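The values are calculated or read from the model by the stated rules, or taken from the named source; none is laboratory data. Everything numeric here is computed off the predicted structure, so don't read it as measured data. Here the Cβ is made from the backbone with ideal geometry for all residues, glycine too, and neighbour counts use every protein chain on show. Remember, those area values only see protein heavy atoms, side chains included, never the ligands or the DNA or RNA. Shrake-Rupley method; radii C 1.70, N 1.55, O 1.52, S 1.80 Å.
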Amino acid sequence: MMAAGLIDGWVEALLALVLVTGAFIVSRRDLHSLVFAYTIQSLFLVFIALLLYLAHPSEVLLSIALLTLSSKVLLIPYTIKRIQKQIKISRDVEFHYISPTGSLFVTILLFLFVYYSFSGVIGGLFTADKISYTGAVFGVSLMLMGMLVTFSRKKVITKIIGYLTMENGVLLFGLFLTELPLIIEVLIIIDLIIMVLLVTILAAGMDSTMEEFHNRLHIFRRED
Amino acid sequence: MNLSFIAYCFINIIFAALVSPFFMGIVKKVKALAQGRMGPPLMQQYYNLLKLFRKEALYSTDSSWVTRVAPYVNITVIATAALCVPLVFIPEAAYGISNVIVFLYLLATARFFMALSGLDAGSAFGGMGSSREMSISSVIEPVTIVVFAALAFIFNTLNLHEMFRESAGQVHLFDPSLVLISIPLFIVLIVETARIPVDNPETHLELTMIHEAMMIEYSGRDLALMDLSHAMKQTLLMAVLINIIFPWGIATEMGVAGIISAAAGFLLKGAALSAFIGLFESSLAKMRFFLVPNLIMIAFFLSALAILLEVFR
């Protein structure tokens with residue numbers, strides 16, 4: 001069994017790396033890098049879950065690690081890459097409201113806001129279990145980063161990566177504060193949204209912006 | 001001023017001047033190999049410098065004293081900056097030279113004279129290079145300050161020697177702040193030393209030139225001094241990254257055996273980092289000029305996060 005201090009150290013370092021990948025997802029324009037950053041981010045989550053399992057052996061953590069590995073590290077990136085090949089889009093250079101540089105600025109403010117808010121809500125955890133507190137803050141920050149990607153990007157495929165990042169944030173939050181039942185609901189809802197989005201978009205084509213996508217749907221309706 | 005500090009001054013400056021062309025050679029070799037070429041020998045940079053030092057310096061009839069003085073100012077300033085960053089051994093006392101702010105101002109002074117010399121001859125290329133250099137510096141310098149401020153937060157000191165001393169002998173791979181700060185330090189290294197994706201040091205094309213454009217009027221020993229100061233600047237920034245993130249082996253006391261083993265260790269770590277820079281450059285295309293702030297913003301973001309992490313700890 002590894003020492004608890006060593007595990008905490010590794011988990012903290014991995015949490016920092018998760019935020020680094022989050023920053024890349026917020027700022028990169030080429031889709032290959034975005035998918036790669038998402039895959040690496042999911043892999044870090046797997047490692048975090050495994051390290052937490054080593055510290056507190058629980059089958060739930062092991063199942064989360066295995067599920068994340070199979071779905072988010074292997075299946076989803078593989079599917080998105082296949083779609084990318086079909087739609088022949090390599091870059092997303094259009095943005096709503098805010099550029100990547102501005103997004104990174106906003107992310108710093110969001111991180112600060114989350115840290116400040118959490119100090120009021122679960123501030124007691126900071127002294128009792130610092131790593132859980134940090135993990136929870138990083139999780140919610142990552143979720144908000146994903147949200148930022150979702151509304152600032154124009155291409156649907158990039159929006160999906162934003163949703164997936166959001167879901168990674170929720171998972172990270174859930175890993176450190178598992179006793180919160182609300183989070184399970186949020187996780188399921190976001191999963192459903194992603195599923196619905198993926199299915200709809202796969203059916204009607206992903207190589208478009210939201211506006212073009214709406215037009216296409218209207219065309220389908222007229223054809224009916 | 002004690003003996004340890006005097007020895008440190010000599011050792012650090014001479015070592016930095018000696019190894020810098022070697023690291024440049026490794027970057028060029030790795031890039032050439034990545035492109036499927038044999039590339040120049042590792043010692044080619046030394047041959048080039050020796051050749052240039054033997055050659056006469058020619059000046060444009062339109063240039064003023066600035067062009068003549070700039071290479072000497074540059075090499076002097078960078079050699080002084082070399083005192084701020086211990087490469088192989090940390091002296092007991094630093095006599096004020098180890099301050100981070102002094103180090104940054106020395107780098108800014110070198111950049112200022114470089115830009116001034118680019119403008120001085122009145123050539124279109126030189127002026128364009130200076131203009132681009134100043135545009136980039138207006139973005140990278142505040143970020144560099146934030147990166148070093150994050151280091152100051154992490155180590156609770158503005159003294160680079162103390163940072164290195166504290167860092168030496170510790171394992172930092174688990175420290176989230178240092179994990180975060182390693183990437184901004186690398187980005188600062190890439191931007192400050194005019195490397196891909198910000199600048200392309202291999203070309204003399206109008207579209208890509210920044211650093212080379214400012215040096216286009218130089219020849220002979222002046223060009224050698226400019227090249228050497230550029231290589232030394234790269235070594236110093238590499239040393240900051242190496243001695244903060246991978247500090248094992250740096251000598252904290254004066255002793256021949258310790259210094260020799262630390263020098264060998266630094267040479268190995270520097271060679272590995274140079275090879276990584278070469279691979280990094282080979283794997284990326286040059287960025288459009290107006291996209292460079294995005295890269296710099298990532299450095300700002302990660303160093304700001306490192307500061308926040310330290311503040312909330």
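Inside 10 Å of the C-beta atoms of B:25-36, what's the mean count of C-beta atoms belonging to other chains?
That works out to 0 on average.
Quickly work out the A:F151-to-A:L66 label distance, labels modelled 7 Å from Cα along the C-beta direction, and quote it in nm with one decimal.
Result: 3.9 nm between the two label points.
To the nearest 10 square angstrom, how much accessible area does B:R68 have with a 1.4 angstrom probe?
Answer for B:R68: close to 100 Å² accessible.
Express in nm, to one decimal, how much length is gained between A:E212 and A:Y116 on full extension, taking 0.36 nm for each residue of separation and deducting their alpha carbon distance.
That pair, A:E212 and A:Y116, stretches by 30.6 nm at full extension.
Using a ≥ b ≥ c from the Cα gyration tensor of the stretch A:1-93 (square roots of the eigenvalues), is it rounded, prolate or oblate, where a/c under 1.5 gives rounded and otherwise the larger of a/b and b/c decides, a/b for prolate?
Oblate shape, in that a/c is at least 1.5 and b/c is the bigger or equal ratio.
How many nm separate the modelled label positions at B:Y72 and A:S33, each set 7 Å beyond the Cα in the direction of the Cβ?
4.4 nm
Calculate the FRET efficiency for B:D62 and A:F105 from the Cβ-Cβ distance with a Förster distance of 45 Å, rounded to the nearest 0.05.
Here the calculated transfer efficiency is 0.55.
Taking the Cα atoms of the stretch B:3-311, what is the range of coordinates along each of the three principal axes, in descending order and whole Å?
Computed over the Cα atoms, the extents are 53, 42, 41 Å.
Label-point separation (nm) for B:Y95 and B:M38, each offset 7 Å from Cα along Cα-to-Cβ?
So the two model labels end up 4.9 nm from each other.
For an R0 of 22 angstrom, estimate the FRET efficiency from the Cβ-Cβ distance between B:V256 and B:E166 and round to the nearest 0.05.
About 0.35, to the nearest 0.05.
Where the centre of each part is set by its Cα atoms, how far does the stretch B:1-63 sit from the stretch A:1-34, in angstrom?
Rounded to whole Å, the Cα centres lie 37 Å apart.
How shielded is B:290-298 by partner chains, expressed as the average number of their Cβ atoms within 10 Å of its Cβ atoms?
The mean count of partner-chain Cβ atoms within 10 Å per residue comes to 4.
For the stretch B:1-106, state which chymotrypsin sites (Phe, Trp or Tyr not before Pro) are in a DSSP loop and have at most 11 other beta carbons lying within 10 Å of their beta carbon.
B:Y95
Could you give the longest part of chain B that holds none of the GluC sites (Glu not before Pro) found in DSSP loops with at most 16 neighbouring Cβ atoms within 10 Å?
B:93-201
Could you work out, residue by residue across B:177-190, how many beta carbons of other chains sit within 10 Å of that residue's beta carbon, and then give the average as an integer?
Counting other chains' Cβ atoms within 10 Å and averaging over B:177-190 gives 2.
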